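Here is the structure we will look at.
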Amino acid sequence: MKFFADTAEIEDIRKLADTGLLDGVTTNPSLIKKSGRDFIEVVKEIVKVVPGPVSAEVVALDHDGMMKEAEVLRKIADNITIKVPLTPDGLKTCKALSSDGTMVNVTLCFSANQALLAAKAGATFISPFVGRLDDISQSGIDLIADIRMIYDNYDFGTEILVASVRNPVHILESAKIGADVMTAPPSVIWQLFKHPLTDNGIAAFLKDWEATGQQI
Ligand code: G3P
């Protein structure tokens with residue numbers, strides 16, 4: 001499973017990239033607002049830190065406008081992935097860009113039929129939002145399982161990028177289903193490393209080691 005960081009905070013991205021476990025980054029207009037940074041400027045910094053796919057989202061709602069914005073964004077670097085919303089214009093843009101060899105992330109997916117459409121439009125990634133479905137008492141993880149089954153039925157190459165991840169259980173369940181990618185806030189990714197028995201075990205080993213008086 002590939003790990004993407006869902007953030008536009010460059011220092012958080014640097015720290016995660018240092019682990020050697022970060023495969024990409026996703027941004028969206030809300031994350032840009034939260035960062036307080038200039039969109040183009042911060043994306044230019046992110047693509048230098050992470051060689052994998054970096055999603056940058058268009059804000060136009062019509063196909064022509066999306067194509068114009070995508071043109072600006074894809075010039076930033078080869079690893080830019082254009083993020084488009086799951087609308088008829090968004091999927092038309094997806095088809096045009098992906099036919100041209102540009103990576104496309106179709107975002108704001110909330111149903112398996114929407115994911116089917118995105119795959120037919122040649123999306124590189126489909127982003128189902130699990131947390132926001134959970135928020136309205138629907139199972140986000142059930143949606144991931146449905147999309148996995150449909151994509152496998154037809155051998156679609158579109159990668160399932162689990163988004164709106166709120167906790168480690170979302171990641172665990174997505175991995176069990178075989179989702180290709182997950183994107184999560186850095187705080188959730190750091191939680192994956194933690195287990196109290198790991199911390200206790202280290203403390204006990206160090207105490208015993210000190211008692212031996214030895215050095216490596
Ligand atoms: O990847 C999409 C994500 O940024 C949305 O997350 O927590 O706002 O639903 P959330």
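General observations
- Stretch gain in nm, segment Arg14-Lys33, where the contour uses 0.36 nm per residue and the Cα spacing is subtracted: 4.9 nm
- Volume per residue for the range 55-139 equals 86 cubic angstrom (convex hull of Cα atoms).
- Share of carbon and sulfur in the accessible heavy-atom surface of the range 2-212 [1.4 Å probe, %]: 56
- Long-range HN-HN contacts of Met103 with modeled amide H, under 5 Å: Ile82
- Whole-Hz couplings from phi, Karplus 6.51/-1.76/1.60, listed for the range 132-145; x for Gly and Pro: 5, 6, 4, 4, 9, 6, 10, 8, x, 5, 4, 5, 4, 4
- Averaged per residue, the range 1-150 has 46 square angstrom of accessible surface, using a 1.4 angstrom probe with ligands and nucleic acids left out.
- Once you reduce the range 150-165 and the range 4-68 to the center of their Cα atoms, the two points are 21 Å from each other.
- Cross-link table Lys15/Lys95; Lys48/Lys207; Lys68/Lys176; Lys2/Lys95, entries beyond 31 Å C-alpha to C-alpha: Lys15/Lys95; Lys48/Lys207; Lys68/Lys176
- From the Kirkwood radius over Cα pairs of the range 2-212, Stokes-Einstein at 25 °C and 0.890 mPa s returns a whole-number translational diffusion coefficient of 137 µm²/s.
The values are calculated or read from the model by the stated rules, or taken from the named source; none is laboratory data. Keep in mind that what you see is a predicted model, and the values were worked out from it rather than measured. The area values use the complete protein model at the heavy-atom level, side chains included, leaving out ligands, DNA and RNA. Shrake-Rupley method; radii C 1.70, N 1.55, O 1.52, S 1.80 Å.
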